[in-house]
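The values are calculated or read from the model by the stated rules, or taken from the named source; none is laboratory data. Keep in mind it's a predicted model, so treat the numbers as computed, not measured. Reconstructed Cβ throughout: ideal geometry from the backbone, glycine too, with neighbour counts over all protein chains shown. For the accessible areas, the whole protein counts, side chains as well, though only heavy atoms, and no ligand, DNA or RNA atoms are used. Shrake-Rupley method; radii C 1.70, N 1.55, O 1.52, S 1.80 Å.
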Amino acid sequence: MPRPGLLFCTVVAIFSYTPEAFAYLDPGTGSILLQGLIAGLAGGLMFIRMYWKKLKAMIAGRSRDETGLGGDAQDKE
Amino acid sequence: MGVVAGSFRDPAGQVYAVDGRILRTVSRFGVEDYEALRSSGVLQSFTEAGRIVSAEEVDKACLGAAAREACYVLEHPRLPIISYPYEWPFEVLKSAALAHLDLQRDALEHDIVLSDASAYNVQFRGTAPLFIDYLSFRRYRPGEYWQGHRQFCEQFLNPLLLRALFGLNHNAWYRGSQEGVTAVELSRILKWHQKLRPFLLMHVVLPARFQLAATRDAGAKLQKAKQRQMPKSAYLAMLGQLRDWIEGLRPRDKAPTVWSHYDHEHNYTDLDHSAKSAFIRNFVAATKPGMLWDLGCNTGEYSELALGAGAQTVVGFDIDQQALDHAYRRAVDRGLSFTPLYLDAANPSPDQGWDGAERRSLKARACADALIALAFVHHLAIGRNVPLAQVIRWLLDLAPQGVIEFVPKTDPQVSRMLALREDIFPDYTEERFLGLLQSQARIVEQKRLVADGRLLVWYRRD
């Protein structure tokens, strides 16, 4: 298992180092890749949220079945 | 008829200056987006709020052959002055950045976006930012990325960060590159702990690293990224977070500069101060300039006075960033039609950009009906070794009338300038100053300030 100090130094070294840039590449590439990351995260978040809602609905549904209460009672919770 | 040289990049249309009118063509490449913008209601609400320049559709015939291919010709009102981001002080650039983000956010609510984020598309009326490019607006495509993000960071965010993080002014760098500061460049000078700050990581460090990594393997990752969809909520969140961050940015340099407290510390007696104010007030009241330039405006004390005396608009120039910060604050707090701009008078903005014509020199944009140059001449004539005759010539070329103050060598400030150097300025005398003025203009009035022997001269070039 890596020591925390070593891990910290590695992270610092990675972020402190900026290599050379080359031509023949759209200058907006970095921004698009960043936004790809953001879009991916946002998409992932929406996916999780959707399943979380489904899960909640499922649990709520089951507990409703157990208590024998209808939808109206749920809304008042 | 002249195509405005800075407007060549956009296939959607061009800008022309014809007999003092500002006309914009909308080509077939831009017509659908323009019509969508017009019918969205966005255009009307933005123009009514004074956030974008107004426009009127006019007869194509007024542009002659140049309008043959155009679908529309629009006429814009002429702005009091065109300024460039490398002439804006920190606060002015910041307000342009916030205005751009607000425009993006509000347009996106109506499914309209800005296709780019050029700082040159923002101009100023007083301190109020005004967006000038109609053809930057286009219809939003669901799921699309913010196309202008890279440009926004380069032209607004990164130059602001130079001063907010390091206390460095953006002006010289910006004027050199013209496109601002790239993420790769800024990333190189960030300290390691700065690179770990979330916003810097997101908008500077990561784009720089991705950009560089893509030089080795762009294809696959880029393809994958392009296939993803950016939810509108994420787009808006990105704009909102950037806005909050930029709003909180402050210059890092806190130590007062020579000029930032000039108002309180200058060495006039109260009597001289009121005599000087009265002289400027009389001059402005008599000449009623639509546009007055205040060279060496400092914190804008005399700009404000001139506005009070009847000048319609004042553009102030100074080299001291902190004095400009104060001037900006004064203009905003008191609602003045006053734009403070950065100027090193010994090195004013040149003609530059593509073919040396894209951005025009300060001299070519000179639009002053009058100027005031108070305690200004000695900074050029003694501080920068510019011969007195050339300083006077330069000032007279900028405006047909004005007030110039002559500060003699016996003045404590000039003595301080000369304290550590040889006095190689035998020509720097009041007699020569007056002689030079009289040979090129008429002296309408002059006033000696008693305590320090300074002389105020009101000239008129006939």
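Computed quantities for the displayed model
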quantity	calculated
Solvent accessible area, Å² - residue A:48, 1.4 Å probe, full protein context	110 Å²
Helix-derived mean residue ellipticity, 222 nm - over the protein assembly as shown, DSSP H n ≥ 4, -39500 (n - 2.57), to 500	-13000 deg cm²/dmol
Solvent exposure, largest accessible area first (probe 1.4 Å, DNA, RNA and ligands not counted), of B:9, B:329, B:150	B:9, B:329, B:150
Share antiparallel - DSSP beta bridges, the range B:262-460, percent rounded to 5	45 percent
Cα gyration tensor, the protein assembly as shown - rounded (a/c under 1.5), prolate or oblate	prolate
Residue order for B:118, B:274 - accessible surface, 1.4 angstrom probe, largest first	B:274, B:118
R0 of 25 Å, Cβ-Cβ distance residue B:422-residue B:451: FRET efficiency to nearest 0.05	0.35
Simple Cβ-charge dipole of the range B:2-76, Lys/Arg +1 and Asp/Glu -1, about Cα centre, in debye nearest 20	180 debye
Ranked by how many other beta carbons lie within 10 Å on average, peptides B:310-320, B:294-304 from highest	B:294-304, B:310-320
Gained length - residue B:415 relative to residue B:431, 0.36 nm times residue gap less alpha-carbon distance	3.9 nm
Loss of accessible area when B meets A, both sides summed, Å² nearest 100, probe 1.4 Å	2900 Å²
Approximate spin-label separation residue B:177-residue B:102, in nm, with each point projected 7 Å along Cα-to-Cβ	2.7 nm
Of all accessible heavy-atom area on the protein assembly as shown, the percent that carbon and sulfur account for (1.4 Å)	55 percent
Cα gyration tensor, the range B:262-460 - rounded (a/c under 1.5), prolate or oblate	rounded
Distance in nm between pseudo-label sites at residue A:52 and residue B:61 (7 Å out along the Cβ direction from Cα)	6.5 nm
FRET efficiency for residue B:354 and residue B:394, using Cβ-Cβ distance with R0 set to 35 Å, rounded to 0.05	0.85
Under Karplus coefficients 6.51, -1.76 and 1.60, residue-wise ³J(HN,Hα) of the range B:278-290 in Hz, glycine/proline x	5, 4, 5, 4, 4, 4, 5, 4, 6, 9, 6, x, x
Residues of the range B:14-100: accessible area per residue with a 1.4 Å probe, Å²	43 Å²
Whole-Hz ³J(HN,Hα) from phi, Karplus 6.51 cos²θ - 1.76 cosθ + 1.60, for the range B:408-417, glycine and proline x	x, 5, 6, 5, x, 5, 5, 4, 5, 5
Average beta carbon contacts from partner chains per residue of B:222-232, 10 Å cutoff	5
Lys/Arg +1, Asp/Glu -1 at C-beta; the protein assembly as shown dipole; positive extreme among B:73, B:177, A:28	A:28
Per-residue SASA entry for residue B:135, accessible area with 1.4 Å probe, Å² rounded to 10	20 Å²
Karplus 3J(HN,Hα) series, Hz, for the range B:159-167 with 6.51 cos²θ - 1.76 cosθ + 1.60 (x for Gly, Pro)	x, 5, 5, 4, 7, 5, 9, 10, x
Accessible area per residue in Å² at 1.4 Å probe, computed on the range B:302-349	33 Å²
Extended-chain gain in nm, criterion 0.36 nm per residue less alpha-carbon gap, residue B:346 and residue B:442	32.0 nm
Percent of beta bridges antiparallel (DSSP, the protein assembly as shown, rounded to nearest 5)	65 percent
Inter-chain Cβ neighbour average for residues B:141-151, partner chain, 10 Å	4
Pairwise FRET efficiency - residue B:213 versus residue B:192, Cβ, R0 = 25 Å, nearest 0.05	0.85
Farthest positive-ward along chain B dipole, Cα basis, beta-carbon charges - from B:123, B:459, B:103	B:103
Peptide-level mean, for B:366-373, of C-beta atoms on other protein chains within 10 Å	0
Distance (nanometres) between label positions extended 7 Å along Cα→Cβ at residue B:199 and residue B:28	4.6 nm
Only Lys, Arg (+1) and Asp, Glu (-1) charged, at Cβ; the protein assembly as shown dipole about Cα centre in debye	1600 debye
Other-chain or far-sequence residues with amide H under 5 Å of residue B:71's (modelled H)	B:26, B:27, B:28
Dipole moment magnitude, nearest 20 debye, chain B about Cα centre, only Lys, Arg, Asp, Glu C-beta charged	1300 debye
Difference of contour (0.36 nm per residue) and Cα-Cα distance, residue B:232 to residue B:271	7.8 nm
